[in-house]
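Report on the following structure.
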């Protein structure tokens, strides 16, 4: 029996390895697990047999090759619920055939081919359920490519390793190469002789049949039909034909293993060194293909078979005796399977390895890959840490709270566009009659106090209109009918009103008590302009002189500013009290310094601009830019000019096409408001600093003489030659912003009042 | 401060890190609008003004977490602190602020001090909190009402204290990650990272 076994195995080997040596090496990386579960196992197969070398380097190759790979489980359960609790196998085959590497990458779903990787790195779905996964993975071509490259590198490295190890063991060969054909011929002849003898004894007609059946065919060929039917049987019984092969080859290894070594070595050489002469002259693949008229005999063509041949080099057979013992019934004729597609092999291997896996896993504990999976799936290793949180529901904000950070993310609604879209009423909010109003461009007959009282001078009397209550009071009336009032100015605090008259006197009135506090005479001509700076009242006269009055002291006239040659019609202290701007009928704009404490005579002129071509009545300081002064010229000039008082340069200028009688900065929307006389007789709102027109307020039938902003900055009041005062509510703020502003206003008041007393 | 001169001990380090978490969590809740801004009050810490909550419920919650965390920091048994922001309606995880804590266990005796001044550490902490503030510019808007939870990753063998329970990691499905600055007290090292749900438009 032993002799027969030896002869058989030797013949088998000769029929496969010697005339037609291995032409392909198949390396498979398989990973499988149940979707939804976190357990993932992986394995490397070399020509269909588990590669279980304990070599550290080989292990590292396995790790490298399977590191980036994914199973459907890794993409989360939610995208493909249909996959849940089914077994998924990912199998990547790397086939080295001659100098070429071939690739297959497949995902099997409960044994059926689910997805395959096309050459262009996209996936092909073979089942309708696979479409979801295909789409998911197709989006991630980069990942697929990296995986492939990794696997390729790993395979090449693995092959090198194998080659090296084989070379190492090569010197152990006992049978020289040249002996093989001789031996084969001898045995072949011997067998023929024996068979002829037997057949002669039994009277058989076909002498060659015995050998043929011995060598090529399994006893029960029908049972081994490796088509779909056989496949299903394999699944059911969890037993396949494959385990027989290793055992059978194991015999070869024991008996004639040296030859197998030899064959493999030369194969590897021929693979990796193409320039080497092919000593045992295997037929080229195309040659063999051409001559493959008889498939069963040209067994070298089947990849499965070639795999078997090279298996003899693997040390696995000796390590898997258990498998063999479990399948004695199928052992008999299972030496060779003529056609075996690789799919079956995958499944077979998978099922086999899976069966044995739990035992290994329990013995060895969680593998490296399992840990890696766990980390990638959970973000941490379950073994290393536990996650704690305080008992109870997660905290959340009180009911009804809406995240208002949306403001931060809104796009396109820049402040500028908000202002443009703001509604500006083209009709006045209110119209007050102003009978007997002097229609004189050079006078300043309107002022609005911080206590929300509008003062207007009508010929020789001053009327107060309480904007909050709507009450009208007559504050004072000049004694002489021929005198008239030329200018009005409230103190910052709003309790005192300075009144300039045509007789050159400046009167100071306590509004609350309706009582004249003092009358200050210093000018020789009418006082057309007044401006307060704390306790200093500056007055501009028709003579061109500007006088500073210290209202606290008896000798009130503390200094005289001489620069203008004609009537001073515009006079404004800057909000910070550092500069006084004056404009005159001589087309000059002058800048004066703060009054020195102790009144050191006449102050020095800081700057004088002569750019305007007309009388400068309109002057306005920018409340949010302390160095910026705006001035507007009369009929012959019609320009708004913006000055930098520090450098003296003109920042910008604009031709308004109309006489400018008043300018005011409206801080709510950072706009500049101008009042116009001839020719438009209207009010214009300009964006600052771009000076683009925002709106026009039309309604006055005569030239607008004065314009003043309400203390809450929401309204402008205009007085015009048509003897009306119109209130335009053009700058109303959102209620929220308004409150903030009001707070600001309150905080700044109070100081002046004290200083006046 | 005498500690400025002497360097830092384990106890001081635990205090500092716990303090950072207290301010950091408050900053996130404020900056991300999880809680209404009017329930926060301004305080000055690390030479910058920060917002601290005045909501009584939230305050007690944070105090209990941070004080427990301090103990764990002192024991060097804590690995991570994660602030998870979930959608209140769907319970979907929208944002995940992860603070990895690396603990130098070689200095647990509490006496040995390291050469790093409190000021330097606070400077580092300040830049981390500044970055948290700056994340508002790129993190997607949390449009739905949100809840938050604090997860603490501890060593496996830790005895779970009363009122605490184990939880899942609450990972975001399909997330973008942004690493923030880290700081170290030379005993504890804290790496910060924020992960947020990838929006469909990207």
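What follows draws every value from the coordinates through simple rules; no lab data is involved. All of these numbers come straight from a predicted model, not from anything done at the bench. Every residue, glycine among them, receives a Cβ derived from its backbone with ideal geometry; neighbour counts consider all protein chains shown.
Brief remarks follow.
- Separation between Cα centres of the range A:435-453 and the range B:32-101, rounded to whole Å: 60
- Relative contact order, percent, the range A:630-720 [alpha-carbon distance under 8 Å, six or more residues apart]: 20
- Degrees separating the helix B:10-31 axis from the principal Cα axis of chain B, which is the longest one: 20
- In terms of surrounding Cβ atoms within a 10 Å radius of their Cβ, A:495, A:662 rank from fewest to most as A:495, A:662.
- Mean-position separation - Cα centroids, the range A:140-154 and the range A:637-708, in angstrom: 71
- Max mean-square fluctuation residue, GNM over chain B, Cα-Cα springs under 10 Å, options B:96, B:42, B:126: B:42
- Rounded if a/c under 1.5, otherwise prolate or oblate - the range A:430-740, Cα gyration tensor axes: rounded
- Counting neighbouring Cβ atoms within 10 Å and putting the fewest first, the residues B:102, B:177 line up as B:177, B:102.
- A simple spin-label model places the labels of residue B:178 and residue A:122 3.5 nm from each other, with each point 7 Å out along Cα-to-Cβ.
- Top of B:84, B:128, B:159 by mean-square fluctuation, Gaussian network on chain B, Cα under 10 Å: B:159
- Residues A:389, A:86, sorted so that the one with the fewest Cβ neighbours within 10 Å comes first: A:86, A:389
- Structure-based [θ]222 nm, chain B - -39500 (n - 2.57) summed over DSSP H runs of at least 4, per residue, nearest 500: -10500 deg cm²/dmol
- Nearest 10 degrees, 0 to 90: helix B:56-75 Cα axis against chain B principal axis: 40
- Of the residues B:183, B:40, B:20, the one that moves most in a GNM of chain B with alpha-carbon contacts below 10 Å is B:40.
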